Amino acid sequence: MLTQTNRIFDLLAATGLIDEAKLQDTLDEARINGAPVCRFVIDNTGVKEEELLSKLANSINLPFLRLKEVEIDEEILVKLPTKAIFQYNVIPLAEEDGCLKVATSDPFTAGLVDALRLASEMKIRLVLSPSEDIESTAKMFYGVGAETLDRMMEDGALDLDEEEDLLRQDLSELDQEASVVKFVNQIIWEAYKDRATDIHIEPMETDLRIRYRIDGVLHETPMPPQLKRFQSSVISRIKVMSNMDIAEKRLPQDGRISVRIKGAEIDVRVSTMPTVYGESVSLRLLMRGGGLVTMADLGLNEHDSSLLKKMITRPHGILLVTGPTGSGKSTSLYAWLHTINSVDKRIMSAEDPIEYEMKGVNQVQMRPEIGLTFANTLRTFLRQDPDVIMVGEIRDKETAEIAIRAALTGHLVFSTIHTNDSASTVTRLLDMGIEPFLVASSVEGIVAQRLVRGLCNNCKQPKEFDLKFLKDHSFPIERLTTEGPIYEAVGCDECRGNGYKGRTGIFEILHVTDDIRPLVVAHVTAAEIKTKALEHGGMRTLREDGWDKVLAGVTTIDEILRVTEDEEYEEDELN
């Protein structure tokens, strides 16, 4: 269509968005590199794609559309082969007067119209749309990796019965562009782009479901309908990558993958579990050398941050963090270590697994199969002259006893434990069989925490709530006159329609003071300890901390109610 450099220059210059000298240099560089013109211009000039395409559409007399505003009949999608759609990053929209309307983000692609005309055997009429719109629409209708699976179907190179023998060969012999290798890479890449922390590959009776956990919530990812046929291929490939036995399908297995995506080093923990319809695979994505947060990033209020900093700089004692799986406990531990990590402190950590590598900390990966357990490692730590010890989790009485002994002999110990709130942690330790006086004399503080999704600042909107609803959930209504407003999640392109982007923590810190210690020794209930801490210890509950973040416009009431539902029940029991 428009392939001559001078014509392209004139059309882009007519938008008035780019300095002509800069534009000429950019086009020359794009031609030398053989790069797509519009994408290269956007990436190298800082101009926004939507603004450029909308003005360019006026210059070349083409429509400009946002695809979220367009209804696409699924029957029109078959007018173009999957390969052409992903190769040229286009989407067929409609058929009008014998012409096929096709959305593209780059009308300057060489041979684009001719290629689409040959593929569809129809006349082509182009429409301009942002590349993100086209990619998300293609993903929604065709699924992740659709073009790869289509190529696999055409070649017939990979089938259920042949896959294991094929994967036993040298992986370099596989066709990287038309194999399950590329498909698995695409799954991980899509998860990385979506900020997912976990990928779950779940065999069903008639399909293979793939879900990503984003900001703590599971989202099903669109997948091509033919994926079920290659279930064994996909799972075997992941097992090969993580050094598992691909012939063993009856027992659970664990493994690890290290991948590099766009310069980012990512460790992937892999776990398989046999189910009725095949092996279910879970992948946990961990950013190596990245994602390490500081105390300031956790979301602590000023009072809690000050209190916690005093606790983590004490010379000895135990500081525990508690909460369900996925509540950010390990992240908090690393933030504490990062804060106190210095050349004059010897810090040792026993972890399973090591989620983040921290310079200056002696990190040990647990290997129970050879006897390297938390308890055995802790015993050895005490002979290594540490100042600070971090234990990934206190799971049993033996580990708890050694941690307490370490605290009582002048070491600062950080660890996690699974309980519902801070006060319940005390009774959990006592139920393990630890003597009450040992708990009272060694534990300095207990931090209960949850993660809530943060509002997208681009689309959040104020919302009026019924006062009775707020009162029923113990919301501090009196603060609405001086703080607020209360926002709700809406959804936009920036947050992928969720209304939320990123997460922050809400916290409940139980400081084991001289008022609390006699209650621990007396082995009273968690409810009594909590009541005392609220009355005299200055403790604030998870929900109260959550309300602060709602009034600050950080998150929503729905999020706080979602993660503190049990907490609400426990508070009612106290009243």
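The values are calculated or read from the model by the stated rules, or taken from the named source; none is laboratory data. These numbers come from a predicted model, not from an experiment. Ideal geometry is used to build each Cβ from the backbone, glycine not excepted, and the neighbour counts take in all protein chains shown. Calculation scope for accessible area: heavy atoms of the full protein, side chains included, ligands and nucleic acids excluded. Shrake-Rupley method; radii C 1.70, N 1.55, O 1.52, S 1.80 Å.
Being hydroxyl-bearing (Ser, Thr, Tyr) and closer than 28 Å to ALA196 by Cβ narrows it down to one of SER442, SER424, SER474, SER415, so name that one.
SER415
Within the set of pairs 6 or more residues apart or between chains, which connect a residue that is touching a residue at least 24 places away in the same chain (Cβ under 8 Å) and farther than 15 Å from ARG260 by Cα inside region 180-196 to a residue that is open to solvent by 40 Å² or more (accessible area, probe 1.4 Å) and not in a helix (DSSP H, G or I) with Cβ atoms less than 7 Å apart?
Short answer, once both residue conditions are applied: ALA196/ARG213.
So which residues in region 359-390 are open to solvent by 70 Å² or more (accessible area, probe 1.4 Å) and assigned to a loop (DSSP other than H, G, I, E, B)? Can you show your working first?
First, the residues of region 359-390 that are open to solvent by 70 Å² or more (accessible area, probe 1.4 Å): 359, 367-370, 379, 383-385.
Passing the criteria: LYS359, ARG383, GLN384, ASP385.
Anything in region 107-145 that is among the acidic types (Asp, Glu) and open to solvent by less than 40 Å² (accessible area, probe 1.4 Å)? List them, or say none.
Hit for region 107-145 is ASP133, nothing else.
I'd like to check something: does region 440-456 contain any residue that is touching a strand residue (DSSP E or B) at 6+ places or on another chain (Cβ under 7 Å), open to solvent by less than 50 Å² (accessible area, probe 1.4 Å) and assigned to a loop (DSSP other than H, G, I, E, B)?
yes
Being basic (Lys, Arg) and assigned to a loop (DSSP other than H, G, I, E, B) is the filter; apply it to region 287-323 and report the residue that is modelled with the lowest pLDDT.
ARG288
Which members of region 55-106 meet the condition of being part of a helix (DSSP H, G or I), crowded, with 17+ Cβ neighbours inside 10 Å and among the small types (Gly, Ala, Ser)?
Once the filter is applied, which keeps residues that are part of a helix (DSSP H, G or I), crowded, with 17+ Cβ neighbours inside 10 Å and among the small types (Gly, Ala, Ser), region 55-106 yields ALA57, ALA84.
Given the criterion of a type outside the set (Val, Ile, Thr), in contact with a Leu (Cβ under 7 Å, 6 or more places away or on another chain) and more than 14 Å from ILE557 (Cα to Cα), identify the matching residue among ALA440, ALA527.
The unique qualifying residue is ALA527.
Output the qualifying pairs, or none if there are none: Cβ atoms under 6 angstrom, residues six or more apart or on different chains, first residue in region 419-446 and over 14 Å from ALA526 (Cβ atoms), second residue open to solvent by 40 Å² or more (accessible area, probe 1.4 Å) and of a type in the set (A, V, I, L, M, F, W, C).
Listed by first residue and then by second, the contacts come to PHE437/VAL521; ALA440/VAL521; SER442/LEU408.
Contact list please: Cβ distance under 6 Å, first residue in region 48-67 and among the polar types (S, T, N, Q), second residue open to solvent by 40 Å² or more (accessible area, probe 1.4 Å) and outside any loop (DSSP other than H, G, I, E, B), pairs at least six apart or on different chains.
Pairs that qualify, where the first residue is among the polar types (S, T, N, Q) and the partner is open to solvent by 40 Å² or more (accessible area, probe 1.4 Å) and outside any loop (DSSP other than H, G, I, E, B), are SER54/PHE64.
Could we say that ASP344 is open to solvent by 40 Å² or more (accessible area, probe 1.4 Å), acidic (Asp, Glu) and within 15 Å of ARG395 (Cβ to Cβ) here?
Taking the combined requirement at face value, the residue does not satisfy it.
Name the single residue that is most open to solvent (accessible area, probe 1.4 Å) among those in region 181-198 being β-branched (Val, Ile, Thr) and either in contact with a Phe, Trp or Tyr (Cβ under 6 Å, 6 or more places away or on another chain) or under 14 Å from ARG211 (Cα atoms) (or both).
Restricting to residues being β-branched (Val, Ile, Thr) and either in contact with a Phe, Trp or Tyr (Cβ under 6 Å, 6 or more places away or on another chain) or under 14 Å from ARG211 (Cα atoms) (or both), the top hit is THR197.
With the condition kept exactly as written, say whether any residue in region 16-32 is charged (D, E, K, R) and within 22 Å of ALA138 (Cα to Cα).
No, because not a single residue in region 16-32 is charged (D, E, K, R) and within 22 Å of ALA138 (Cα to Cα).
If you take the residues in region 15-48 that are outside any helix (DSSP H, G or I) and more than 14 Å from PHE108 (Cβ to Cβ), which one is most open to solvent (accessible area, probe 1.4 Å)?
Within region 15-48, the match that is most open to solvent (accessible area, probe 1.4 Å) is LYS48.
In the list ILE257, ILE235, ILE210, which residue meets the criterion of being open to solvent by less than 30 Å² (accessible area, probe 1.4 Å) and closer than 27 Å to THR137 by Cβ?
Exactly one of ILE257, ILE235, ILE210 is open to solvent by less than 30 Å² (accessible area, probe 1.4 Å) and closer than 27 Å to THR137 by Cβ, namely ILE210.
For region 246-261, which positions are of a type in the set (D, E, K, R), under 13 Å from MET273 (Cα atoms) and free of Cβ contacts under 8 Å to residues at least 24 places away in the same chain?
Those that are of a type in the set (D, E, K, R), under 13 Å from MET273 (Cα atoms) and free of Cβ contacts under 8 Å to residues at least 24 places away in the same chain: GLU248, ASP254.
Inside region 382-400, can you point out the residues that are farther than 18 Å from ARG314 by Cβ, of a type outside the set (A, V, I, L, M) and under 35 Å from the mean Cα position of the chain (by Cα)?
Those that are farther than 18 Å from ARG314 by Cβ, of a type outside the set (A, V, I, L, M) and under 35 Å from the mean Cα position of the chain (by Cα): GLY392, GLU393, ARG395, ASP396, LYS397, GLU398, THR399.
For residues that are closer than 18 Å to ILE516 by Cβ and β-branched (Val, Ile, Thr), tally how many sit in region 387-432.
Residues in region 387-432 being closer than 18 Å to ILE516 by Cβ and β-branched (Val, Ile, Thr): 6 in total.
Quick one: GLU483 ticks every box in (1) modelled with pLDDT under 90; (2) over 29 Å from ALA335 (Cα atoms); (3) over 32 Å from the mean Cα position of the chain (by Cα); (4) surrounded by 15 or more Cβ atoms within 10 Å (Cβ to Cβ) except a single one, so which number is it?
(3)
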